[in-house]
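Enquirer: The structure under discussion is supplied below as structure tokens; questions concerning it will follow.
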Amino acid sequence: MRVEVAGKSTTQGIRRLRGLTAIKTLHTTNDNWDLVADIRSANLAEFDHVLREVRIIDGVLNSETSLLLSTV
């Protein structure tokens with residue numbers, strides 16, 4: 001998941017994101033997105049729940065999610 005956060009909320013946003021157990025790694029980036037989160041879930045219902053949890057964090061402005069289907 002790529003995440004855009006408000007500049008003044010970056011530290012708080014990172015802290016909240018790291019508190020979500022489904023987020024296994026969190027990276028800063030140098031592109032249009034501020035953070036990239038590696039999300040792991042047991043099923044789509046859990047995945048959907050994590051997406052909603054991320055999007056309600058104060059300071060999260062936008063997000064975009066891609067599913068990795070296979071390694072080639």
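Enquirer: If you roll a 1.4 angstrom probe over the protein chains with everything in place, what fraction of the accessible area of the chain belongs to carbon and sulfur, to the nearest %?
Expert: Of all accessible area on the chain, carbon and sulfur atoms account for 49 percent.
Enquirer: For the chain, what is the mean residue ellipticity at 222 nm derived from helices alone (per DSSP H run of n ≥ 4: -39500 (n - 2.57); sum divided by total residues; nearest 500 deg cm²/dmol)?
Expert: -8500 deg cm²/dmol
Enquirer: Between residue 70 and residue 52, what length in nm is gained on full extension when 0.36 nm per residue of separation is reduced by their alpha carbon distance?
Expert: Taking residue 70 through residue 52 to full extension adds about 4.0 nm, to one decimal.
Enquirer: Quick one: Cα convex hull volume of the chain, Å³ per residue?
Expert: Spread over its residues, the Cα hull of the chain gives 92 Å³ apiece.
Enquirer: If you stretched the chain out fully between residue 31 and residue 43, how much longer would it get, using 0.36 nm times the residue separation minus the C-alpha to C-alpha distance?
Expert: Gain on extension, residue 31 to residue 43, equals 1.4 nm.
The values are calculated or read from the model by the stated rules, or taken from the named source; none is laboratory data. Bear in mind the structure is a predicted one, so any value in this text is a computation, not a measurement. Keep in mind that these areas ignore ligands, DNA and RNA; they rest on the heavy atoms of the full protein, side chains included. Shrake-Rupley method; radii C 1.70, N 1.55, O 1.52, S 1.80 Å.
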